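Just so it is clear, none of the values below were taken in a lab; they were calculated from the coordinates. Since this is a predicted model, take the numbers as computed values, not measurements. We place every Cβ from the backbone using ideal geometry, glycine too, and count neighbours over all the protein chains shown.
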Amino acid sequence: AQSVTQPDIHITVSEGASLELRCNYSYGATPYLFWYVQSPGQGLQLLLKYFSGDTLVQGIKGFEAEFKRSQSSFNLRKPSVHWSDAAEYFCAVAPHNTNAGKSTFGDGTTLTVKP
Amino acid sequence: KAGVTQTPRYLIKTRGQQVTLSCSPISGHRSVSWYQQTPGQGLQFLFEYFSETQRNKGNFPGRFSGRQFSNSRSEMNVSTLELGDSALYLCASSLSGDRGLSGANVLTFGAGSRLTVL
């Protein structure tokens, strides 16, 4: 069965500092990989996705993520964090043979941004 | 275009009652999935409907059910509510599940229905 691990429950960074959120997955082949962001009281918004090809993917709001097959990782990065980035971030995987409807999500990482 | 619409946004029920939640997907999206989000269990997949048929199902008891209509709108129902059913219920829609269509695997979420069971 597929699984996703986000090792960091909570991360605090200063505004303007760089950010890296970790994500490790377990799956028999290369899955589809996603990062979503959730603001309080809201649903999840897609930041970026990896299906195939270039292992460095660009997303919205200045985020990027790098797929590393050898490490089964898909870490999310941003060079300079803004106060509005404070939210909860979820990494997700979906197998190639089904629609993403049956995605598996990590437990999330809550990002706090210090002024 | 309009996003995924979930109604109601908030509701309070008592144990033993039943509840129906509604989800209107993005126009053209044929797949609707439901997730339960709680602080303790995180995001858990409930089920997915495609063309009025349940295509995938998570590990939830039979008290949780759903359906999809011909216009792709979906409802989920929880019967005999328990305190542990208090959660944010999220609906997500996506394009058809045809392999090779990368956009088919992207979920667009609604804002959720916050259910409190007393």
Relative contact order as a percentage, chain A, C-alpha pairs under 8 Å and 6+ apart, gives 37 percent
Shielding of A:35-48 by partner chains, average beta-carbon count, 10 Å: 4
Provide a whole-number value for the mean count of partner chain Cβ atoms within 10 Å of the Cβ atoms in peptide B:82-95. 2
Could you work out the mean count of beta carbons from other protein chains within 10 Å of each residue's beta carbon in B:35-43? 4
Which FRET efficiency value, to the nearest 0.05, do you get for residue A:54 and residue B:86 by plugging their Cβ-Cβ distance into 1/(1 + (r/R0)^6) with R0 = 41 Å? 0.45
With a Förster radius of 22 Å, plug the Cβ-Cβ distance of residue A:70 and residue A:9 into 1/(1 + (r/R0)^6) and report the FRET value to the nearest 0.05. 0.30
Report the Cα centroid-to-centroid distance between the range B:57-94 and the range A:55-115 in angstrom, as an integer. 26 Å
